[in-house]
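For reference, the structure discussed in these notes is given below.
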Amino acid sequence: MATGRTHRPATRSRGIPEATVARLPLYLRALTALSERSVPTVSSEELATAAGVNSAKLRKDFSYLGSYGTRGVGYDVEYLVYQISRELGLTQDWPVAIVGIGNLGAALANYGGFASRGFRVAALIDADPAMAGTPVAGIAVQHTDDLDRIISDNGVSIGVITTPPGAAQQVCDRLVAAGVTSILNFAPTVLSVPEGVDVRKVDLSIELQILAFHEQRKAGEDAPAEGEDPEAPPMRATPASRKGPDGDMPAVMPA
């Protein structure tokens, strides 16, 4: 079995790079916000700022869609919303199954933004027999024993895994065997999937660790090192050296 995610052949055949595909949802989110404010047109610079990219990259991305805007006018907001939605496959209803109805799974089930973005939570599945029949977000939780039937009956091709890490691979294997070809994985583990199955991983702890790194860097730029006199002059290295545990070390003297 291969590890990681594969590329969609349809995307390759259309000649749209994966990096562009990854930015399309950012453009769609910004465009949807403009549409809700009844903004008819938007310049590439304005849309790029709203999406968090540079305008040259945005224009290049849109060229893959065959959309070039109008000089002096910009892009038609409603048309771009439709065009990007169609490219992402959001003009149809995608049934989604969530497996693992703990706190995170229940929160996702209650998220109201799926329907407006082309997705419908069709099934909630959990391994706890006590959860069977319990309504969450108006949907009765079903047991994992019936996973194959649930996937088939609801025509599910997208599965969301919110189980503990130890159960994630087994759930993934069962989803794939049942016909699921795209998986969104919230479990903090790497899944192994066969060719033709796409996996997207969402690891909240990793994202928080990255933010902690940046916070530490920002704090380090402003604060003196431990034991350092904040009033002392900056230090500089001189050619003079002394022996240390790793050999010669430059002597450090006040600048």
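The values are calculated or read from the model by the stated rules, or taken from the named source; none is laboratory data. Everything quoted here is computed from the prediction, not taken from an experiment. Cβ sites come from the backbone with ideal geometry, for glycine too, and all protein chains shown count toward neighbours.
General remarks:
- Residue match in the range 89-96 (condition: more than 29 Å from P40 (Cα to Cα) and without any contact (Cβ under 8 Å) to a residue 40 or more places away in the chain): no
- Check on S85, assigned to a helix (DSSP H, G or I), under 30 Å from I151 (Cβ atoms) and touching a helix residue (DSSP H, G or I) at 6+ places or on another chain (Cβ under 7 Å): yes
- Only one entry in S157, S152, S116 is touching a Ser or Thr at 6+ places or on another chain (Cβ under 9 Å), among the polar types (S, T, N, Q) and either farther than 19 Å from K201 by Cα or assigned by TED's automatic domain parsing to the domain that holds V81 (or both), namely S116.
Per-residue answers, yes or no, for (1) outside the structural domain of A106 (by TED's automatic domain parsing); (2) under 19 Å from D93 (Cα atoms); (3) loosely packed, with under 15 Cβ neighbours inside 10 Å:
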| position | (1), (2), (3) |
| --- | --- |
| V136 | no, no, no |
| A140 | no, no, yes |
| D145 | no, no, yes |
| S182 | no, yes, no |
| A187 | no, no, no |
| H214 | yes, no, yes |
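- The set of residues in the range 29-66 that are surrounded by fewer than 18 Cβ atoms within 10 Å (Cβ to Cβ) and of a type in the set (F, W, Y) contains only Y64.
A quick yes/no check of all residues on (1) at pLDDT 90 or above; (2) out of contact with any Phe, Trp or Tyr (no Cβ under 7 Å at 6 or more places or on another chain):
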| residue | (1), (2) |
| --- | --- |
| P40 | yes, yes |
| R71 | no, yes |
| Y75 | yes, yes |
| I84 | yes, no |
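Residue-wise test of (1) over 29 Å from A19 (Cβ atoms); (2) in contact with a helix residue (DSSP H, G or I) (Cβ under 7 Å, 6 or more places away or on another chain); (3) not assigned by TED's automatic domain parsing to the domain that holds L184.
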{"residue": "S35", "(1), (2), (3)": "no, yes, yes"}
{"residue": "T41", "(1), (2), (3)": "no, yes, yes"}
{"residue": "L47", "(1), (2), (3)": "no, yes, yes"}
{"residue": "G66", "(1), (2), (3)": "no, no, yes"}
{"residue": "E78", "(1), (2), (3)": "no, yes, yes"}
{"residue": "L124", "(1), (2), (3)": "yes, yes, no"}
